[in-house]
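Single-structure report; data block below.
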Protein chains: 4
Amino acid sequence: MDDDRRFAITLACPDTTGIVARIAGFLADAGGWIVEAGYHSDPAENWFFTRQVVRADSLPFGVDELRDRFAEVAAGFGPEATWRVTDTGVDKHAVLLVTREPHCLHDLLGRISAGELPVTLDAVIGNHDDLGDLVRAHGVPFHHVPFPGRADPRKEQAKVVAFEKVRQIVDDHAPDAIVLARFMQILPAHLCEEWAGRAINIHHSFLPSFAGARPYHQAHARGVKLIGATCHYATADLDAGPIIEQDVIRVDHGDTVPDMVRRGRDIERLVLARGLRWHLEDRVLVHGNKTVVFR
Amino acid sequence: MDDDRRFAITLACPDTTGIVARIAGFLADAGGWIVEAGYHSDPAENWFFTRQVVRADSLPFGVDELRDRFAEVAAGFGPEATWRVTDTGVDKHAVLLVTREPHCLHDLLGRISAGELPVTLDAVIGNHDDLGDLVRAHGVPFHHVPFPGRADPRKEQAKVVAFEKVRQIVDDHAPDAIVLARFMQILPAHLCEEWAGRAINIHHSFLPSFAGARPYHQAHARGVKLIGATCHYATADLDAGPIIEQDVIRVDHGDTVPDMVRRGRDIERLVLARGLRWHLEDRVLVHGNKTVVFR
Amino acid sequence: MDDDRRFAITLACPDTTGIVARIAGFLADAGGWIVEAGYHSDPAENWFFTRQVVRADSLPFGVDELRDRFAEVAAGFGPEATWRVTDTGVDKHAVLLVTREPHCLHDLLGRISAGELPVTLDAVIGNHDDLGDLVRAHGVPFHHVPFPGRADPRKEQAKVVAFEKVRQIVDDHAPDAIVLARFMQILPAHLCEEWAGRAINIHHSFLPSFAGARPYHQAHARGVKLIGATCHYATADLDAGPIIEQDVIRVDHGDTVPDMVRRGRDIERLVLARGLRWHLEDRVLVHGNKTVVFR
Amino acid sequence: MDDDRRFAITLACPDTTGIVARIAGFLADAGGWIVEAGYHSDPAENWFFTRQVVRADSLPFGVDELRDRFAEVAAGFGPEATWRVTDTGVDKHAVLLVTREPHCLHDLLGRISAGELPVTLDAVIGNHDDLGDLVRAHGVPFHHVPFPGRADPRKEQAKVVAFEKVRQIVDDHAPDAIVLARFMQILPAHLCEEWAGRAINIHHSFLPSFAGARPYHQAHARGVKLIGATCHYATADLDAGPIIEQDVIRVDHGDTVPDMVRRGRDIERLVLARGLRWHLEDRVLVHGNKTVVFR
């Protein structure tokens, strides 16, 4: 018996009295040993969110039956309720999209190979092949999908073809997370939609400041005293998706744009790694354009 | 009816399955609308902690009956269970102990007069009278209780007498918090015991580093790159009580001891204000020499 | 002779070789004992910045002669060079503009009365009189200059009159700093210009995010994970002036707008106090829309 | 001609007037274009520190002649003066010592291979061979030098032999930095002395708190609210050498020891990478048991 195996239940639904009691009662009746429990009640939206983690070995049934039984409980919370039951005994999978910057990729490869992030990396896709060797050295398949250059007269069409290849590779793995680890192409709206809640981007600014291109140049021009990074779910509205995590680092007048680029990498790495971890541990619930993160 | 009135229940007890269910079921049966809920299960200590906040107007009874009824629930969690039921409709009270440094006192007076901290300040006691005018300008009684100087031959005896006066003034108000806001006298063990869980100290270092006297001098001598402050419950073991909150600020080789003293004040103010707020909102549960803080 | 008295020289000019040598040579020839020296060379702008602090008692002449002599040195750095020589033996003066929020005002009053900020507060001007008692309790003159309400049909004209009164009170004191300590009126362009480099604003967001009205509401709506504050020189371009200092604090999904408002105050207080200190200590040099801050 | 090549001069000497003038004059006379200049005057120690960086192409001579000429200047600052002249055109070299924890090693390998740290990695020495594959995958020689187990009866003697092997490998490369990247053996005093100012350790606590073994266990037991890491020069006095850099991260009651270990890694990585960078860029001057870091 695996002591460390856990089942995680997440739920979001319109708020009302008695939700906690019904879930807790359901788990208690089954002998469930709750090891983590987070609750959030949003008064402005009148919405309720919870995440509960039980020891798998405390329940007399497996994850499938838990899912079936919890479906009945959740049915009582109305048609708008959304919920998931996941099992730490079942591996999560991820696919990474990269361009040329290695720092986020290298950092994630290190965490994954050290067992620090609970995920199997199925593939890395690059629109350049610069990072292929690094990926293959970690025993992970690398797919080079070239994208058209700016001057390409048939750019739009070629981009559609390239993204279709990307989509096929990604969907072959049906991953739990599609990570844009400094992928310098804008995801088309239909992929944002298909991958909603699974496509995770790292933007190299403290959003909503400096959305779009060359955020460190923008930050330098504005003379800000802190630079940051933002991990968010990708949506059709560029750099405007639900924010999972952000952090900042102090800069001063002595920092040039290349200094900011270099120093910002430390924040990008950390913010992406934290956001991805929380996503993989089912700690992030999306509601509208915002997230509830049960850390 | 006061929409903002809340009842807060806190409980700590040996961990077992079904505690959440029993509390949640009890509240749901009474129609209780939970607006905040925190749970923590400590696997090393096998101890369970919770804090739940319900809207007062959602229950068909008042705080006294809630207390009586919850006592029955809590009885089921064994003789080691400790719990409290508090009512935001009942004012909390505090007494402050100060010496000569005004910054923490001034900060707390500002927060209290702006309604930012949920507490009534009954009295301030100073072992010097330097801060009397500041206190009286805020309409708060100031008591000057002189303490013997270092060279006083009858120092020990005089100190006993002085602390007895302090004790009387404090106990006259039976305050929820006795705040040592840079009070430069060591509280005797019997007062630490009598006021256990209510006496809150701010120490001007990141404990356990630099306990005892002149922590900024110690920090400067050691050449640390961050200085800090620690808000903790006072215990007979000097500077070793359960920590409520800590924070730090960056310093560098250019900072002299007076610079550290000045810059450290910003952290002392913040850390004390946060720790006191959490204490007053019943967010802090003490277990052994550690705290659980439901923020 | 006052050991603590210092003369501070600041200079900004087109960069070239030998500037440091000329200034250092000038000071060395006069026997000047440099206790602080900051240099910054901006490669993108090809501009040089320095701040040097000498012990007054190390020079054989006073501040006026230092100014005269340094003028000759500075003349060698071209017509675009800007410079100042200041004397810590000469008090700096400030006027504060406030509305109803007391936290920044209260914090600055505490720092000034504790001798923590090197400034004399000549007057506080409020467009409401809510904060009059607090100001007068610190022995500082308070001027209530009412501003027209939103519905006032002659609003524009009345505002011009009100700002003219504000201008007169401020200019009577010829202050080194005009601090907008949560002053909720937009300074007209002619005052921004007249007070350029002296009018210091605190904006309750991490600019350039959430400029304009109700930044905490904007931050809450966007779901950011950090909120901040920005201290900047006021310019005609609202919330876009040169940034002196910024800082942030972590928030999460549990923080309502009022929580953000309350928690943000801690950052506003600190950021304004730091920015004002640096301004008063002649540590801030403005170049274009950016600042060099010699901390 | 290489526009990016720089010569860095660092100097520490008893403070007196005119030092800046003499150095600046010397550089100006040679046409030196100063691109970075840091000065620090320590009033308590009456010691002066400076670091100046000039463009190599602005001087009419090379680094050797600069060194010769500066030696004459420095001679004027007394026999206690210490100084260095370094050339960014000459590669710096490092050797790493590791045990089993990969995170600091992996992070440094990534930074070095991305050109983010200005150093060539000559060798990695492990007292276990767990990390050999990772090192060799980056094309760096890995030396496995087994150390005796705790139960080994001839432990002391075997350790002497092992450290002698380590010393030989290190000294073969005469590296500018010997990095103890989570090397879990205590460096003997004679190596600390031989490598003084070059051996850089990362300790997984915010020193001086939790020196010695198992700092995260100590931090957990004490119930601190922040954990940290410290990068310092190794000295014979364990965990007490001059501190180069420190940082912290927030933890709470929910963090177990393994959580702290995992989260602490993020701080260890950053603090070591920053400290090593500053060392390699000749930004760190040691005086007594403290450092001056010109960032």
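The values are calculated or read from the model by the stated rules, or taken from the named source; none is laboratory data. Values in this document were obtained by computation on a predicted structure and should not be read as measured data. All Cβ positions, glycine included, derive from the backbone under ideal geometry; neighbour counts span all protein chains shown. In case anyone asks, the SASA skips ligands and DNA or RNA and just uses the protein heavy atoms, side chains included. Shrake-Rupley method; radii C 1.70, N 1.55, O 1.52, S 1.80 Å.
With the label put 7 angstrom out from Cα along the Cα-to-Cβ vector, B:PRO14 ends up 4.4, 7.1, 8.3 nm from the copy partners, going from closest to farthest.
Within 10 Å of each Cβ in peptide B:35-48, how many partner chain Cβ atoms are there on average? Round it to a whole number, please. What the average comes to for B:35-48 is 4. Scanning residues 5 or more positions from B:GLU36 or on other chains, those with amide H under 5 Å from its amide H are B:VAL53, with H placed 1.01 Å from N in the peptide plane. Here region A:227-283 and region A:49-66 have alpha carbon centers that stand 33 Å from each other. Volume per residue for region C:47-108 equals 165 cubic angstrom (convex hull of Cα atoms). Remark: region A:144-156, residue by residue, has Karplus-estimated 3J(HN,Hα) of 8, 10, x, 10, x, x, 4, 8, 4, x, 9, 4, 4 Hz, where x stands for each Gly or Pro and the curve is 6.51 cos²θ - 1.76 cosθ + 1.60 at θ = phi - 60°. Ranked from shortest, the separations from the 7 Å Cα-to-Cβ label point of D:ASP252 to its equivalents in the other copies are 0.4, 3.3, 3.3 nm. Normalised by the number of residues in region D:6-87, the mean separation of alpha-carbon contacts (under 8 Å, six or more apart) gives a relative contact order of 47 percent. With kT/(6 pi eta Rh) evaluated at 10 °C and eta = 1.306 mPa s, and Rh the Kirkwood radius from Cα pairs, region B:6-87 diffuses with a coefficient of 125 µm²/s according to Stokes-Einstein. Taking Cα centre as origin and charging only the Cβ of basic (Lys, Arg, +1) and acidic (Asp, Glu, -1) residues, the dipole magnitude of the protein assembly as shown rounds to 0 debye. The two copies A and B are related by a rotation, and the chain A beta carbon nearest its axis, with distance in whole angstrom, is A:ALA24, 2.
Summed over both chains, the area buried between B and D is near 2900 Å², taken from the accessible surface of protein heavy atoms with a 1.4 Å probe. Across all directions, the average flat footprint of the convex hull enclosing the Cα atoms of the protein assembly as shown is 51.3 nm².
If Lys and Arg each add +1 and Asp and Glu each add -1, what is the summed charge of the other residues whose beta carbon sits under 14 Å from the beta carbon of B:PRO146? Net charge around B:PRO146: +2. Counting from the shortest, the label point at A:ASP237, 7 Å from Cα toward Cβ, is 2.6, 5.3, 5.9 nm from the same position in each remaining copy.
Per the Debye calculation on region A:199-238 with a single equal scatterer at every Cα and no solvent contribution, log₁₀ I(q)/I(0) for q = 0.14 Å⁻¹ amounts to -0.29. Taking a ≥ b ≥ c as the square roots of the eigenvalues of the Cα gyration tensor, region C:63-194 is oblate, since a/c reaches 1.5 or more and a/b is not larger than b/c. Of the trypsin sites (Lys or Arg not before Pro) in region B:30-99, not one is in a loop by DSSP (not H, G, I, E or B) with at most 15 other beta carbons within 10 Å. Rolling a 1.4 angstrom probe over region D:6-87 with all protein chains present gives an accessible area of which 47% lies on carbon and sulfur atoms. Taking the empirical scaling 2.2 N^0.38 Å for compact globular proteins as reference, region D:160-275 has a Cα radius of gyration ratio of 1.12. A straight Cα-to-Cα reach below 30 Å connects A:LYS92 with the lysines A:LYS159, A:LYS165, A:LYS290, C:LYS225, residues fewer than 8 places away in its own chain not being considered. Computed from Cα positions, the angle between helix C:19-29 and the longest principal axis of chain C comes to roughly 60 degrees. Compared with the rule-of-thumb size 2.2 N^0.38 Å for a compact globular protein, region C:129-219 has a Cα radius of gyration ratio of 1.20. Within straight-line reach of B:LYS155, meaning a Cα separation under 15 Å, sit the following aspartates and glutamates at least 8 residues removed in sequence or on another chain: B:GLU164. Only alpha carbons enter this Debye calculation for region D:175-219, each as an equal point scatterer, and the log10 of I(q)/I(0) it gives at q = 0.25 Å⁻¹ is -0.96.
Our summary gives region C:188-269 a relative contact order of 32 percent, counting only alpha carbon pairs under 8 angstrom and 6 or more residues apart. Averaging the Cα positions of each part gives two centres, and for region C:133-156 and region C:170-197 these lie 15 Å apart. At a probe radius of 1.4 angstrom, the accessible area of region D:184-295 per residue rounds to 33 square angstrom.
Under a 5 Å amide H cut-off, with hydrogens placed 1.01 Å from N, A:ILE200 pairs with A:ILE178, A:VAL179, A:LEU180, A:ALA234 among residues at least 5 apart or on other chains. Using equal-weight Cα scatterers in the Debye expression, the normalised intensity of region D:93-293 in log10 at q = 0.10, 0.17, 0.18 Å⁻¹ is -0.40, -1.20, -1.33. The mean sequence distance of close C-alpha pairs (under 8 Å, at least 6 residues apart), as a share of the length of chain C, puts its relative contact order at 15 percent. Remark: region D:1-72 carries a charge dipole of roughly 80 debye about the Cα centre, counting +1 on each Lys and Arg Cβ and -1 on each Asp and Glu Cβ.
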